[in-house]
1. For region B:345-360, enumerate the residues that are surrounded by fewer than 23 Cβ atoms within 10 Å (Cβ to Cβ), within 14 Å of chain A (Cβ to nearest Cβ) and either closer than 16 Å to B:Asp311 by Cα or not polar (S, T, N, Q) (or both).
2. Residue pairs, Cβ under 6 Å, 6 or more apart or interchain, first in region B:90-108 and in contact (Cβ under 8 Å) with a residue 12 or more places away in the chain, second among the hydroxyl-bearing types (Ser, Thr, Tyr). List them.
3. On the basis of being free of Cβ contacts under 8 Å to residues at least 60 places away in the same chain and more than 14 Å from every other protein chain (Cβ to nearest Cβ), does A:Ala469 make the cut?
4. May I ask you to list the residues in region B:327-344 that are aliphatic (A, V, I, L, M) and either surrounded by 15 or more Cβ atoms within 10 Å (Cβ to Cβ) or touching a Gly at 6+ places or on another chain (Cβ under 7 Å) (or both)?
5. How many residues does region B:303-319 hold that are surrounded by 17 or more Cβ atoms within 10 Å (Cβ to Cβ) and either more than 16 Å from B:Leu260 (Cα to Cα) or of a type outside the set (A, V, I, L, M, F, W, C) (or both)?
6. With the structure loaded, tell me whether A:Ser451 is hydroxyl-bearing (Ser, Thr, Tyr), crowded, with 23+ Cβ neighbours inside 10 Å, within 14 Å of chain B (Cβ to nearest Cβ) and out of contact with any helix residue (DSSP H, G or I) (no Cβ under 6 Å at 6 or more places or on another chain) or whether it fails that test.
7. Does A:Arg434 satisfy the condition of being in a helix (DSSP H, G or I) and either surrounded by fewer than 16 Cβ atoms within 10 Å (Cβ to Cβ) or at the interface with chain B (Cβ under 10 Å from one of its Cβ atoms) (or both)?
8. From the set of residues in region B:223-265 that are among the charged types (D, E, K, R) and surrounded by 15 or more Cβ atoms within 10 Å (Cβ to Cβ), which is farthest from B:Ala117 (Cα to Cα)?
Amino acid sequence: MPRIAVLASAVADQIAAGEVVERPASVVKELVENALDAGASTVEIVVEDGGRTLVRVADDGHGMDREDAPLALARHATSKIRAAGDLVGVASFGFRGEALPAIASVSQLVLETSTGDGEGTRVVASAGTIERVEPAARRRGTTVSVRQLFANAPARLAFLKGSRSEWRAIADVVTTIALGRRDVRIVLSHDGKEALALPPASSLQARIGAVWGGAFAERLLAVEHAHGPTNVRGLVERPADVGTASRRVHLAVNGRAVRDAGLVRAAEAAYRSTIPAGTRPTLFLELTVPPDLVDVNVHPAKAEVRFRDRWPVERTVEEAVRHALGTFEAGAWFAPRPAATPGWAPMPERALLAAAPAAPVPLFDDDAEAAAPGGVATAAAAGAAVPPDAAEELAQRPPAEVLVPPLVQVGRTYLMFERADGLVLIDQHSAHERILYERFLRQLASGHAPSQQLLFPLTVHLGPAEAEAFEQHAALFAQLGYRAEGFGGHTVLVSAVPAPHPRFDAEQCLRDTLAQLTADRFAATPARHERLAATIACKAAVKAGDALSADEMRALYVALATTELPAHDVHGRSTVVHLRWDEIDRRFGRA
Amino acid sequence: MRFTITREKLQEGLSAVGASIPSKTTLPVLANILVETTDKGIRLSGTDLDIAVATEVAADVDSPGGITIPAKKLIEIARELPPNPVKVASSGDQRITLECGRSKFKLLGLPKDEFPAFPAVKFANALRIKSGELQQLISHVAFAVSTEESRPILNGVLWELRADRMRMVATNGHRLAKMELPVNGGGGSQDLIVPPKALEQIRRLFPAEEELEIAKGENHLGFRSPLTSVFTRLIEGPYPNYEQVIPKDNDKVCIADKALLTSAIKRMSVIASDQTHRIKLSFNAGMLKFAVQTPDLGEAQDEIPVRFDGDPIDIGFNASYLLEVLRFIPTDEVKLTLKAPERAATIEPEAWKDPAAFLALVMPLRLVD
């Protein structure tokens, strides 16, 4: 008797179902995507008991006729592609033709559909077998009802979680789709209660507002950036807000929601030094990549994509987020009262960043161009905000003059100035910390730090832990300008010190930095040199309470204006706070 | 208390004392000037508890007494008075009236008992030094003190008194200035560390030809001329051993024209970093070259002819330290000596015909590489 047998199609479908249909949420995902592929403008989802007893998705799409309807339940039957060649550049959500049969194979499925002209069709299937096909009254569109999911797959059933957690997964799936397809009205209800009712939205922000509330959406920062053929848009959390609410990540590539750890890492890398170590920002990012540079046919649930060349894409994401963080308030920030001084246009953010010495140098320009076969790349690049040539030219230009508004120091802690739309306060310590941090990082990278020789070497006695911290970081301290030798025991003899500013107290800074390194508050910061730069910057910066002269304030302002991320210090606190006139007016009852 | 004084004498007295009044104080009476009658006129006193200044001016005293008067208002009033004799009278502990021509002021003061007592300094065995010599030392050295609070000792000027010479030294740990004068008949040997603010008063208040009596109390130093006296708190030593850091073996010697050198450094500082002021000097036979490079800004070069003896050397400095020192070089030519890029450079006047000796040290500012 032969040991090997070709499986009956019902069994094969059940096995395939294991890949596509893991839990009710995946049923919802497949059905809603089908609805969207059918050109629906409204999708209504009804769920009962976390999807165990019922998942029903109704749309007003183009529907199917009597002939097609039963075929939809056959494996690899699809309207979306015809030949293998169509797989490249596929734009619809589904295309494998395996979702519906897979779902049908593990449930009681009823499909009602109508193309709008003439009678509709009802197909009733049980455990993958079509039981009957009959006429039905139905408006244009399709309704798929899935009951008794996994009733015939006890292994799956056993692995379902409680209905609350299955419901949460469904809500996540629907939210993700809703963020991507903002033109569609989506209604989701659970056990008879309406959970989400989203009208068509004009923007990502409006959709986020409809899901999580307008206040949440308003506090997000807009991201918009293009590099070569890759375009990144979206909204990200302000560093000051990170960690205050639960974190949400939404990534979409060419309109398809995906999970991609690499892209998330790239976006998070842009936050480095603006948020405390260990906290993660909320991200809503949508990438547009030429379809031939990305392969979406990797994962049955299509949650993953493969980039032909992932480096330039990740770099563009990081750049995009960094720009958004760096230019938060930037356009107006550097040019107080633009209306009153027409000669001073707000500095183009692009120019400022490109001029900043540590701005990412376009290392991968060539790669990106090379990876993109001619036509697509040039077409996409032409649409980009700044063509690469212009960016390079900007990078070589000296930094533009920064217009300094009249500054006053208040509370010996903040610099205050007026601008057209309100008052701006700058925290002098945070600002200086940010300036020094970026300068120290540059010095560590370039190895050119000024080091002032001392007439009288400092003898610094350290505790054992501090001495060890010093030893560990000896090379980095040296790169920053500290020249020190061990002097027996835990004593170091410092003969030269950094000279970051005239008020710098080298000995105190060294001690505090070592104490800080020992206390390890920065432990989670990825790289040791960044951690040291952050610590030293914090210790070397002017403190709250230091009276600053007018020249010092101006110098601080100019230096801050030319940093990469002026709005945040290395701990993620804000350096800049903006009091709007309307807020002030309201306080005075002038509203 | 009642006296009459000319407007000019009042203004003169107030301008001497006014600078010792603290602009902000938690002790209200320190914002006042103590006015007391003496045999010959009145004495005005002011203090911020670190430094105290008292000066006597001529006045016609009708009835003796004393009171404290708000300094700022009194000075403003004196400045605006018409050129007539000023009649000042107190009634009770706190009320003052001031009349000048047709102008009349009533002020509220504080009782004179509230005014802090001046430090007890006995002038019995005082040193006698010509004010001009002291002022010469102060004006050449005091600029170099540290303004940073972490090492209080460097916030003071070291004043070494010896039998045959006196010397002042000041440093902030990056640069040092030292000046020495021969004196005759100085008594004993003392090392005093004096706050530069007090020295500034000495430089300002006493005419150059006047002979000063100088005496040390327990923790204070007193300076006295027939009319004016200044008291200052002393900073507790010991002062760092500066002799040890003055290089003796600098074998590279450069003689440069001070004006050329100064203007070249000033040109370089335009491009030097606002924060570190770093410029590079390259000494070669016959030529001193300057270079500065500041990322984000630009670069500059310059050169001046010099006399240079030794192997060529490149060395970096904080330009503002060099300029400060050059300002106090009394000769047209200046002598620089060097050893190595991480060793102290000295700067001295060249061919100075003066009994005094001046020397400045500047530590280099290196670029780590």
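1. The one that is surrounded by fewer than 23 Cβ atoms within 10 Å (Cβ to Cβ), within 14 Å of chain A (Cβ to nearest Cβ) and either closer than 16 Å to B:Asp311 by Cα or not polar (S, T, N, Q) (or both): B:Leu359.
2. What qualifies is B:Ile96/B:Ser90.
3. Answer is yes for this residue.
4. Within region B:327-344, B:Ile329, B:Val334, B:Leu336, B:Leu338, B:Ala344 meet the criteria.
5. Of the residues in region B:303-319, 5 are surrounded by 17 or more Cβ atoms within 10 Å (Cβ to Cβ) and either more than 16 Å from B:Leu260 (Cα to Cα) or of a type outside the set (A, V, I, L, M, F, W, C) (or both).
6. For A:Ser451, the condition - hydroxyl-bearing (Ser, Thr, Tyr), crowded, with 23+ Cβ neighbours inside 10 Å, within 14 Å of chain B (Cβ to nearest Cβ) and out of contact with any helix residue (DSSP H, G or I) (no Cβ under 6 Å at 6 or more places or on another chain) - is met.
7. No.
8. Of everything passing the filter in region B:223-265, B:Lys252 is farthest from B:Ala117 (Cα to Cα).
The values are calculated or read from the model by the stated rules, or taken from the named source; none is laboratory data. This structure is a prediction, so every number in the text was calculated from the model and none was measured. Every residue, glycine as well, gets a Cβ built from its backbone with ideal geometry; the counts of neighbours run over all protein chains shown.
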